[in-house]
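Asker: Can you read through this structure? Questions will come right after.
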Amino acid sequence: MDYYVYALVDPINKIPFYIGKGRKDRCYSHLKGRSNYNDDKLNYIKNIRSLGFEPVVYKIFENLTNEDSLSIEKILIDYYKTYLTNMEYLVPDRTGSKLSENHKKILREKNLGKNLTEEHKKKIGISNQHIPNYDIEKSYKDESSKRNEGSKNPNSKKVLCNGILFGCMKDAYTFYKVSKQTFKKRYDFEIIANL
């Protein structure tokens, strides 16, 4: 129960322009000024800053389960949709579970008529299989203490992910063959201080 629902609010007119759900410091990540998908939100933030203000972050509901936060987020998006920069909203299936038939139908209708390359179709097929992109039988050998002796960062922290203790985050995302950003988004991990 560590999820929450938050709003990014325009400090000038006091109206929310983005509703989201998250945990930890997710609500503040929008203020860093980069986004892979929502240019409207970024432009809104830039406009506020160009006037000498800063967007206000409000945590509306806290201590929620993932399912509750998704439900409340949907209700608030429906209520404020006239003002929001949120992308077109689909039924919440962002829980890591397999897609419901209803969600598949919505996605199918949304993408109907789009021409996809063979490479894109292959990637979609792989992602829909829910198969990890790493070798489950592969074992991890921690060589971080040896590496850290001459390293620029001898204070790197150990990372625990899927029951495997890695010497540092780089070892973890290299092991899973993903980028650092993808690792942080996709995997549940815990950073452990080297005592």
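Asker: May I ask you to order 67-80, 101-114, 46-59 by the average number of other C-beta atoms within 10 Å around their residues, highest value first?
Answerer: 67-80, 46-59, 101-114
Asker: Which of Thr117, Thr174, Thr85 comes first, and how do the rest follow, when ranked by fewest Cβ neighbours within 10 Å?
Answerer: Thr117, Thr174, Thr85
Every read-out reported here was derived from the displayed coordinates using simple, explicitly stated rules and does not represent laboratory data. Bear in mind the structure is a predicted one, so any value in this text is a computation, not a measurement. For neighbour counting, all protein chains shown are included, and Cβ atoms are generated from backbone atoms with ideal geometry for every residue, glycine included.
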